[in-house]
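**Student:** This is the structure I want to talk about, given as structure tokens.
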Amino acid sequence: MAHLGDCLLSIKPQEKSEGLQLNFQQNVDDAMTVLPKLATGLDGNVLFTGVSDSEYTPECSVFDLLGIPLYHGWLVDPQSPEAVSAVGKLSYNQLVEKIITCKHSSDTNLVTEGLLQTTAAQLTDHGLCELTTAAKEDKLSVFFRNNHFSTMTKHKGHLYLLVTDQGFLQEERVVWESLHNVDGDSCSCDSDFHLSHSLGKGPGAEGGSGSPEKQQQVDQDYMIALSLQQQPSRGTLGLSDLELAQQLQQEVYQQHQAAQPASARALSPQGRGASFGRPAAECWQRPKQESACVLL
């Protein structure tokens, strides 16, 4: 907390005009006032129009002055015109007030009430997509959800949240958790964003074997598979989930074959299927050494 205070006090205004300097000083004063609240948490009043949109409050000045992006993923799906019309540019607090008012009148306004009920996780599929686009590669930001602030980064196109749960204090290989769906299922990763096996069971959970490059490829293939799981049942090219999984499996197999010596390719088994759709909460199992394909 003291370090953050020093950072705020060391910031100099970029503009020379007296009016802007006074405004800057007011923002610094507001930030210093709310700074102690960071120890217990801040309340945010999000807008449903964008991942960076929220009602400006003195609490927001801390993030603005320090240049830290503050994101959320609670957006209205633009393909639902009724919800878009009902919510408009209302903030969360205004929307709650609207629902309470409607409950005491003849207009029940089921659209807005249903929206809050169906998005109780404060993250939507549309919001997650927009969040992935807005976040900068390998840059730190803050993700706001359910009145909780998480450190977030994007690595190789995938979002990760810093693990701060007390239960993982002694698990050195659990540093990040993936953010790839709205249901809360996540994968634990180490500091290099490789899937962590320290909590797993079986031979694949004890570290396994293989080069770091191979492990990185396995992890990346798995994250791609998770992303495919979140896509609609029919993609833009008219492919089903199963067809997409088979296509991905074939590409991985071809890359694996190309990377092997000719003698090894001649002995490689072919025609093995892929198991697709493993729940993200389960542990990732390393492929056996004699297998020429990667199981997703």
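All of the numbers you see were taken from the coordinates with simple rules; none came from a lab. Not measured: the values here are computed from a predicted model. We place every Cβ from the backbone using ideal geometry, glycine too, and count neighbours over all the protein chains shown.
**Student:** Is there a pair in Lys12/Lys37; Lys37/Lys154; Lys37/Lys156 whose C-alpha atoms are over 29 Å apart, and which pairs would that be?
**Tutor:** Lys37/Lys156
**Student:** Between rounded, prolate and oblate, where does the range 1-156 land on the alpha carbon gyration tensor, with a ≥ b ≥ c its root eigenvalues, rounded for a/c under 1.5, else prolate if a/b exceeds b/c?
**Tutor:** Values: a/c = 2.26, a/b = 1.68, b/c = 1.35.
Note, shape of the range 1-156 comes out prolate.
**Student:** Right, another one. Show me the trypsin sites (Lys or Arg not before Pro) within the range 116-157 that DSSP assigns to loop and that have at most 10 other Cβ atoms within 10 Å of their Cβ. Show your work: numbers first, answer last.
**Tutor:** Details: sites: Lys136, Lys139, Arg145, Lys154, Lys156; in loops: Lys136, Lys139, Lys156.
Those satisfying the criteria are Lys136.
**Student:** Going by amide H atoms built from the backbone, whose H comes under 5 Å of the H on His155, apart from near neighbours?
**Tutor:** Amide H neighbours of His155: Asp138, Tyr160.
**Student:** On full extension of the chain, what length is gained from Asp165 through Ala39, given 0.36 nm per residue of separation minus the C-alpha to C-alpha distance? Before the final figure, lay out the partial values.
**Tutor:** Values: separation 126, 0.36 × 126 = 45.36 nm, distance 1.53 nm.
So the chain would gain 43.8 nm between Asp165 and Ala39.
**Student:** DSSP loop GluC sites (Glu not before Pro) in the range 1-74 with at most 10 other Cβ atoms within 10 Å of their Cβ, which ones?
**Tutor:** Details: sites: Glu15, Glu18, Glu55, Glu59; in loops: Glu15, Glu55.
Of the GluC sites (Glu not before Pro), the ones in loops of the range 1-74 whose Cβ has at most 10 other Cβ atoms within 10 Å are Glu15.
**Student:** Using 7 Å Cα-to-Cβ label points, what is the Val142/Ser80 separation (nm, one decimal)?
**Tutor:** So the label points at Val142 and Ser80 sit 2.8 nm apart.
**Student:** Tabulate in residue order the Karplus-calculated ³J(HN,Hα) for the range 181-191, using 6.51 cos²θ - 1.76 cosθ + 1.60 with θ = phi - 60°, rounded to whole Hz; enter x for Gly and Pro.
**Tutor:** Running phi through 6.51 cos²θ - 1.76 cosθ + 1.60 with θ = phi - 60° gives 8, 8, 8, x, 5, 8, 10, 7, 10, 8, 5 Hz.
**Student:** In nm, what is the difference between 0.36 nm times the number of residues separating Val28 and Tyr56 and their Cα-Cα distance? Show your work: numbers first, answer last.
**Tutor:** Working: separation 28, 0.36 × 28 = 10.08 nm, distance 1.46 nm.
The Val28-Tyr56 span can extend by a further 8.6 nm.
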